[in-house]
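A short write-up of the structure that comes next.
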Amino acid sequence: MSAANHLLCKIVYKARKRKIMNHRDFMRKAIELAVENVENGGGPFGAVIVKNGEIVATGVNRVTPNNDPTAHAEVCAIRAACTKLGTFDLSGCVIYTSCEPCPMCLGAIYWAHIDKIFYGANQHDAAAVNFDDSFIYRELEHKPEERHKPIENILHKEAQAPFNAWREKGDKVEY
């Protein structure tokens, strides 16, 4: 057997030994995590971040157990992936979420530069079990002064100081 054939056999053997996962497998993993999380006292949401066909990180909704309203599955997975990869830029990664991301998670996904989002259930399915964030989407359509939560712009001129400092900083890391 030639060296090339021998190498090919080793690669095929390793691929068979560790099952190569596809989109449906990664989504099933996110759904499985969500179901397990419900059993463990968390919300019904799971997320998996994948890079180059390998799971980099997972996350589940831990809002109530952790008393942290930002501990959504996608945000937890993003934090774990960034820590594992040592970067805030998850370009080249894909996220699989058991449910369509809420506005906060969608923003986090964009800021993390994740390439693509796959989701299982949609926002209407979530709303049917009292995870309804449609009001947030509606709020974003309004001018700040027309939103239901009082929001007021104060010290606008003084608040430019951090941006001026950022603009002038020579060794900043852009993101």
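The values are calculated or read from the model by the stated rules, or taken from the named source; none is laboratory data. Source: prediction; values computed, not measured. With ideal geometry, Cβ positions are generated from the backbone for all residues, glycine too; neighbour counts draw on all protein chains shown. Remember, those area values only see protein heavy atoms, side chains included, never the ligands or the DNA or RNA. Shrake-Rupley method; radii C 1.70, N 1.55, O 1.52, S 1.80 Å.
For every helix of n ≥ 4 consecutive DSSP H residues, a contribution of -39,500 (n - 2.57) applies; sum these over the chain, divide by its total residues, and give [θ] at 222 nm rounded to the nearest 500 deg cm²/dmol.
So the calculated ellipticity at 222 nm is -13000 deg cm²/dmol.
Taking 161, 47, 81 as the candidate residues, the one with maximal mean-square fluctuation in a Gaussian network model of the chain, Cα springs under 10 Å, is 161. By how many degrees, 0 to 90 and rounded to 10, does the Cα axis of helix 3-17 deviate from the longest principal axis of the chain? Between the helix axis and the principal axis of the chain, the angle is about 60 degrees.
Annotation: amide H-H contacts under 5 Å for residue 114 (H modelled 1.01 Å from N, sequence separation of 5 or more, or interchain): 90. For the chain, the longest principal axis of the Cα atoms and the long axis of helix 23-39 meet at an angle of about 60 degrees. Annotation note: chymotrypsin sites (Phe, Trp or Tyr not before Pro) in the range 47-118 located in DSSP loop regions with a Cβ neighbour count of at most 16 within 10 Å are 88.
Between the amide H of residue 119 and those of 97, distances stay under 5 Å, these residues lying 5 or more places away or on another chain, with hydrogens modeled in the peptide plane. Mind checking the log10 I(q)/I(0) for the chain at q = 0.14, 0.17, 0.18, 0.20 Å⁻¹? Debye, one equal scatterer per Cα, no solvent, two decimals. Calculated log10 I(q)/I(0) at the listed q: -0.89, -1.11, -1.17, -1.28.
A simple charge model with +1 on the Cβ of Lys and Arg, -1 on the Cβ of Asp and Glu and nothing else charged puts the dipole of the chain at about 1140 debye relative to its Cα centre. Largest GNM mean-square fluctuation across 69, 150, 101, computed for the chain with C-alpha springs under 10 Å, falls on 150.
Quick check: at a probe of 1.4 Å, how many percent of the accessible area of the chain sits on carbon and sulfur atoms? Could the numbers behind the result be given before it?
Numbers: 7020 of 12240 Å².
Carbon and sulfur atoms account for 57 percent of the accessible area of the chain.
GNM on the chain, alpha-carbon springs under 10 angstrom: the most fluctuating residue among 109, 95, 154 is 154. Considering the dipole of the chain built from charges on the beta carbon (Lys and Arg +1, Asp and Glu -1) around the Cα centre, which of 21, 80, 93 is farthest to its positive end? In the chain, that residue is 21. Would you please state the base-10 log of I(q)/I(0) at q = 0.15, 0.18, 0.24 1/Å for the range 39-124, with intensities from the Debye formula using one equal scatterer on every alpha carbon? Treating every Cα as an identical point scatterer, log10 I(q)/I(0) equals -0.47, -0.68, -1.18.
In a DSSP loop and with at most 14 other Cβ atoms within 10 Å, the GluC sites (Glu not before Pro) in the range 124-175 are 141, 152, 174.
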